[in-house]
Amino acid sequence: GKGKGKKGGDKGKGKGKFKDKGPMEPRGPNPKQVFVANVGDLYEDEIRTFFEEVGEVDRLKVLRNPDGGSKGVCFVTFRTEEQAQKALGLHGTPLDGRNLVVRLAHGGKGTEKGEKGGGGGKGGKGGKGKASRKRG
């Protein structure tokens, strides 16, 4: 609870204020949905079983390549936000020999916990010329 402790039902409305661009798109970020990477080629039901330890899995979708192979990432939708939050606690848990990556499936931009990207710009300066030559 980083200062967001007040769970008053009506308080939540304020959050959406800056979204006044129009009606909520149904595909907007879903607080009950988490993005899971590093699941390898596990089947949906194996992943589901794993996440059912923290909550009720409403839907689970493994992303696949055009050829039907698993991309090793999936989306898990829980019944409640609370369960999704719990699932975030599984981040880094080994499953099938790999450490899972679990984060909220918010559409990328504007997540508060977003990677603070300290090192992002640094690397670009140095080997500009080198990098392009080294391709292939």
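The values are calculated or read from the model by the stated rules, or taken from the named source; none is laboratory data. Model, not experiment: these values are computed from the prediction. The area values use the complete protein model at the heavy-atom level, side chains included, leaving out ligands, DNA and RNA. Shrake-Rupley method; radii C 1.70, N 1.55, O 1.52, S 1.80 Å.
For the range 30-46, backbone phi angles converted through the Karplus equation (6.51, -1.76, 1.60; θ = phi - 60°) give residue-by-residue couplings of 10, x, 8, 10, 10, 9, 10, 10, 6, 8, x, 10, 5, 7, 3, 6, 5 Hz, Gly and Pro being listed as x. Given the range 33-104 reduced to its alpha-carbon atoms as identical point scatterers, what log10 I(q)/I(0) does the Debye formula return at q = 0.12, 0.14, 0.16 Å⁻¹? Result of the Debye calculation: -0.26, -0.35, -0.46. When only Cα pairs below 8 angstrom with a gap of at least 6 residues are kept, the range 33-104 shows a relative contact order of 42 percent. Once the chain from Glu53 to Glu82 is taken as fully extended at 0.36 nm per residue, the excess over their C-alpha distance is 9.1 nm.
Annotation: amide H of Leu63 within the under-5 Å range of Lys71, Val73, Cys74, Phe75, sequence separation 5 or more or interchain, hydrogens built in the peptide plane. Per residue, the range 33-104 exposes 56 Å² of accessible surface when a 1.4 Å probe is rolled over the protein heavy atoms with every protein chain present.
Taking amide H as placed 1.01 Å from N in the peptide plane, the amide H of Leu100 sits under 5 Å from that of Gly92, Thr93, Leu95, each at least 5 places away or on another chain. Within the accessible surface of the range 33-104, defined with a 1.4 Å probe on protein heavy atoms only, the carbon and sulfur portion equals 45 percent.
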